[in-house]
1. Figure the gain on full extension for residue A:146 and residue A:19 (residue separation times 0.36 nm, minus the Cα-Cα span) and round it to one decimal in nm.
2. At a Förster radius of 22 Å, what calculated FRET efficiency corresponds to the Cβ-Cβ distance of residue A:131 and residue A:90, to the nearest 0.05?
3. Quick one: dipole size for the stretch A:1-91, taken about the Cα centre, charges +1 on Lys/Arg Cβ and -1 on Asp/Glu Cβ, in debye to the nearest 20.
4. What is the fewest-to-most order of A:70, B:47 by other Cβ atoms lying within 10 Å of their Cβ?
5. Residue by residue through B:11-17, how many Cβ atoms from other chains fall within 10 Å of the Cβ on average?
6. Are there trypsin sites (Lys or Arg not before Pro) in the stretch A:39-68 that DSSP marks as loop and that have at most 16 other Cβ atoms within 10 Å, and which are they?
7. Averaged over its residues, how many other protein chain Cβ atoms are within 10 Å of peptide A:137-148's Cβ atoms?
8. Taking the Cα-to-Cβ direction at residue B:64 and at residue A:68 and moving 7 Å from each Cα, how far apart do the two end points lie in nm?
Amino acid sequence: MTDDQDKDLLKRFRDSSSRNMAFNELVNRYQERLYWHIRRIVIDHDDADDVLQNTFIKAFKNLDKFREDSQLFTWLYRIATNESLTFLKKKKKNVFVSMDEVSHQLSSTLESAPELSGDAIQLKLQWAILTLPTKQRLVFNMKYFDEMKYEEIAQVTGTSVGALKASYHHAVKKIEAYVKSQF
Amino acid sequence: MENTEQHNEPKLNIEGFSEADLKRNPFKTPEGYFENLTPRVMDSVRSTEEKVESTEINWWRVLMPGIGFSAMVFAVWFLSAPTGNNTLNFDQVVASMSLEELDQFAEFETEDLLAYGLVTSDDIEIESDFSEEELINYLLDEEEMELNTIYEELDI
């Protein structure tokens with residue numbers, strides 16, 4: 001979606017007579033992309049569905065305040081990322097468990113997920129991604145699967161491009177090492 | 001710019017697998033999930049909006065009887081409560097008057113009001129163009145004049 005299309009959509013959203021229609025269009029355009037972003041973070045489908053609903057509810061409530069400093073889709077990604085991480089924090093049973101340890105819980109979900117398909121290599125790759133620290137995992141997913149530019153990821157995570165490049169580099173090396181150790 | 005970025009970034013290399021293999025999505029969704037997603041999301045958004053609206057209405061419904069009851073209790077107390085010295089002060093009298101009564105009230109002379117005890121000298125504000133010092137000098141002059149008159153009468 002281009003900036004012009006985003007601007008047109010936002011203009012229609014700010015008009016009360018076309019507000020719901022415009023938001024309906026926004027959901028239709030971004031739902032699939034946001035769902036997969038969330039799904040890669042929370043792993044489970046039902047959890048991803050809940051987080052996605054919350055993401056769009058938050059977006060609807062705050063879209064009036066969107067100042068267009070960033071692109072609409074990176075703004076939506078930011079909400080989705082925050083909602084996903086908040087969800088994982090709430091889900092962990094022990095308050096002393098770090099976010100990175102939550103990855104182990106996600107690994108269990110990955111292991112038992114009935115809706116998971118694919119060859120062994122895709123599963124191994126997901127296992128490897130879950131061993132990464134949270135931030136590296138987010139950066140890797142957005143760069144590798146969503147094919148986002150560093151500048152766009154920087155808008156989502158609020159991290160400098162230089163730090164993101166370093167994170168991605170570390171993530172790639174760790175994943176390669178992990179997968180290699182599994183064969 | 002993008003080409004430079006692609007040249008510089010590390011590639012994920014796993015022997016025997018292409019990038020397309022590695023990027024194949026292993027996750028599945030229930031059948032028809034995306035077809036029904038937009039209306040479901042819009043329903044959630046609408047129900048959240050309705051919840052917010054109904055919460056506002058409920059607040060009014062909760063508060064209004066309380067406010068009404070408090071006003072009634074206050075009114076009863078205000079009209080029936082005996083005051084300490086069984087007298088009404090100036091503000092209470094004015095507050096209980098109709099506009100017509102206030103017009104009539106304005107026609108009374110200050111002395112009459114003082115005589116009937118409806119106002120005290122503290123309630124009456126004197127507007128004056130004189131400063132305090134000028135007033136004191138004036139009063140001292142008056143006093144001096146009176147004394148001089150007395151002196152004259154007594155021929156002192």
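A short reminder: the numbers here are calculations on the coordinates, not readings from a lab. Just so it is clear, the model here is predicted, and its values are computed rather than measured. A quick note on method: Cβ atoms are made from the backbone with ideal geometry, for glycine too, and the neighbour counts reach across all protein chains shown.
1. Using 0.36 nm per residue and subtracting the Cα-Cα distance, I get 42.9 nm.
2. It comes out at approximately 0.45.
3. So the magnitude is around 300 debye.
4. B:47, A:70
5. So the per-residue partner count for this stretch is 6.
6. Taking the stretch A:39-68 and a limit of 16 other Cβ atoms within 10 Å, the loop trypsin sites (Lys or Arg not before Pro) found are A:67.
7. Mean number of neighbouring Cβ atoms from other chains: 1.
8. So the two model labels end up 4.1 nm from each other.
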